[in-house]
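Remarks on the structure that follows.
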Amino acid sequence: GAGVSQSPRYKVAKRGQDVALRCDPISGHVSLFWYQQALGQGPEFLTYFQNEAQLDKSGLPSDRFFAERPEGSVSTLKIQRTQQEDSAVYLCASSQTSGRETQYFGPGTRLLVL
Amino acid sequence: AQTVTQSQPEMSVQEAETVTLSCTYDTSESDYYLFWYKQPPSRQMILVIRQEAYKQQNATENRFSVNFQKAAKSFSLKISDSQLGDAAMYFCAYKDPNTGNQFYFGTGTSLTVIP
């Protein structure tokens, strides 16, 4: 594809609801990353996939956060029982491989938990 | 853990003038990568410029250039002939290709371009 796409762009959830955020990486990109960006802050790493394998999930803030990439392309970040502190922009990025490659970012999903 | 510091929360520049955004980082590695990303209000992060630590020559991309001081762990971005479209948040990022895959970002600098 032309770039990384994410959906929805905006999501409002009531506290306690489950949400699912989708990321479509650039076609052929092996590596996929999720970041959380709080208001006025830089993005912070959540998790990383190489193809379908989740190789690093050290940044996930709690066990309510779950990510998957079952076929090595599209990825979904799921947040269960959302809390107000989960309100943030969730950014997805992809790169051709890992290591030395530049990451290309999607437009993000802005999540607001009321 | 690696840390990236951007000490200028906000900067402004007159159109057509030059501005320099500061970034420092902390690492014990010798091989790493540094990036500047631009994030306009639409929130799409766009790569501005990239620098490999093993290269002594400073990276340049058209009106954008960096001043990479490895010993000082400093990586500043210079924007020449500033344009209205340069207005955005600018993030400095560090990446260690050997021990991790994620980027470490600074807190950003909001750049305003004054017509």
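The values are calculated or read from the model by the stated rules, or taken from the named source; none is laboratory data. Keep in mind the model is a prediction, meaning the values are calculated, not measured. Methodologically, a virtual Cβ is constructed for each residue, glycine included, from the backbone with ideal geometry; neighbour enumeration extends over all protein chains shown. Accessible surface areas use protein heavy atoms only, side chains included; no ligands, DNA or RNA. Shrake-Rupley method; radii C 1.70, N 1.55, O 1.52, S 1.80 Å.
Here are the criteria: (1) within 21 Å of A:Tyr35 (Cβ to Cβ); (2) within 14 Å of another protein chain (Cβ to nearest Cβ). Tell me which single one B:Asp26 does not satisfy. Against the list (1) within 21 Å of A:Tyr35 (Cβ to Cβ); (2) within 14 Å of another protein chain (Cβ to nearest Cβ), B:Asp26 comes up short only on (2). You will find that of A:Leu32, A:Leu21, the residue that is of a type outside the set (Phe, Trp, Tyr), within 11 Å of the chain's Cα centre (by Cα) and under 23 Å from B:Val4 (Cβ atoms) is A:Leu32 and no other.
Every listed requirement among (1) among the acidic types (Asp, Glu); (2) open to solvent by 60 Å² or more (accessible area, probe 1.4 Å); (3) closer than 18 Å to A:Glu44 by Cβ is met by B:Glu15 save one, (3). Looking across the stretch B:66-75, the residues that are surrounded by fewer than 19 Cβ atoms within 10 Å (Cβ to Cβ) and either under 22 Å from B:Ala16 (Cβ atoms) or more than 11 Å from the chain's Cα centre (by Cα) (or both) come down to B:Asn67, B:Gln69, B:Lys70, B:Ala71, B:Ala72, B:Lys73. Evaluate the stretch B:57-64: report whether one residue or more is in contact with a Leu (Cβ under 8 Å, 6 or more places away or on another chain), of a type outside the set (A, V, I, L, M) and modelled with pLDDT of 95 or more. Among the residues of the stretch B:57-64, at least one is in contact with a Leu (Cβ under 8 Å, 6 or more places away or on another chain), of a type outside the set (A, V, I, L, M) and modelled with pLDDT of 95 or more, which makes the answer yes.
Note on the stretch A:100-114: among residues that are β-branched (Val, Ile, Thr) and within 14 Å of chain B (Cβ to nearest Cβ), the one that is farthest from the chain's Cα centre (by Cα) is A:Thr102.
Once the stretch B:78-88 is narrowed to residues that are more than 14 Å from every other protein chain (Cβ to nearest Cβ) and of a type in the set (A, V, I, L, M), the residue that is surrounded by the fewest Cβ atoms within 10 Å (Cβ to Cβ) is B:Leu84. Scanning the stretch A:100-114 for residues that are of a type in the set (A, V, I, L, M) and open to solvent by 10 Å² or more (accessible area, probe 1.4 Å) gives A:Leu112, A:Leu114. Checking the structure you have, find out if any residue of the stretch B:89-99 is more than 15 Å from the chain's Cα centre (by Cα) and either among the aromatic types (Phe, Trp, Tyr) or facing chain A (nearest Cβ under 8 Å) (or both). Scanning the stretch B:89-99, I find at least one residue that is more than 15 Å from the chain's Cα centre (by Cα) and either among the aromatic types (Phe, Trp, Tyr) or facing chain A (nearest Cβ under 8 Å) (or both), so the answer is yes.
Exactly one residue out of B:Phe64, B:Phe35, B:Phe68, B:Phe75 is touching a residue at least 40 places away in the same chain (Cβ under 8 Å) and away from chain A (no Cβ under 14 Å), and it is B:Phe75. Could you look through the stretch B:100-115, keep only residues that are over 13 Å from A:Gly42 (Cα atoms) and of a type in the set (A, V, I, L, M, F, W, C), and pick out the one that is nearest to the other protein chains (Cβ to nearest Cβ)? Ranking the qualifying residues of the stretch B:100-115, first place goes to B:Leu111. Restricting the stretch B:35-65 to residues that are more than 20 Å from B:Glu10 (Cβ to Cβ) and of a type in the set (Val, Ile, Thr), the residue that is most open to solvent (accessible area, probe 1.4 Å) is B:Thr60.
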